[in-house]
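What follows is one structure encoded as structure tokens, with my remarks underneath.
The values are calculated or read from the model by the stated rules, or taken from the named source; none is laboratory data. Here the structure is a predicted model, which is why all the values come from computation and not from measurement. Because the Cβ atoms are built from the backbone with ideal geometry, glycine has one as well, and the counts that use them run over all protein chains shown. For the accessible areas, the whole protein counts, side chains as well, though only heavy atoms, and no ligand, DNA or RNA atoms are used. Shrake-Rupley method; radii C 1.70, N 1.55, O 1.52, S 1.80 Å.
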Amino acid sequence: MQGELTVEQAADVLNVSPEFVVRLLDEGAIPSHGVGEDRRVAAEDVEEFRRADDERRRAAADELGRLGQELDT
């Protein structure tokens, strides 16, 4: 993936709503810049956010599994 994406395209890549992407942009979780009244994000930044988010989810799932095993013993 390369180039720039619109908010809607970034939402499609992340499988979330455009409103959620705007919130991520406002929070600075994904860098963006304005083009007129629209915002653009680097495809590379969206992909990096997706990879990091996947990693956070896997770590959380692993931790839940570990905690579940501790409760069973």
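Quick notes
- In the set (1) more than 16 Å from T6 (Cα to Cα); (2) touching a residue at least 40 places away in the same chain (Cβ under 8 Å), the condition left unmet by V46 is number (1).
- Within the range 26-49, the set of residues being assigned to a helix (DSSP H, G or I) and over 13 Å from Q9 (Cβ atoms) comprises D26, E27, E44, E48, F49.
- Taking residues in the range 24-38 that are in contact (Cβ under 8 Å) with a residue 12 or more places away in the chain and closer than 16 Å to A52 by Cα, and partners anywhere that are open to solvent by less than 50 Å² (accessible area, probe 1.4 Å) and assigned to a loop (DSSP other than H, G, I, E, B), the pairs with Cβ atoms closer than 7 Å and at least 6 places apart or on different chains are L24/I30; L25/S32.
- Flag for L67 being open to solvent by 60 Å² or more (accessible area, probe 1.4 Å), in a helix (DSSP H, G or I) and either out of contact with any strand residue (DSSP E or B) (no Cβ under 6 Å at 6 or more places or on another chain) or not aliphatic (A, V, I, L, M) (or both): yes
- Pick from the range 6-56, criterion loosely packed, with under 11 Cβ neighbours inside 10 Å and basic (K, R), ranking: modelled with the lowest pLDDT: R56
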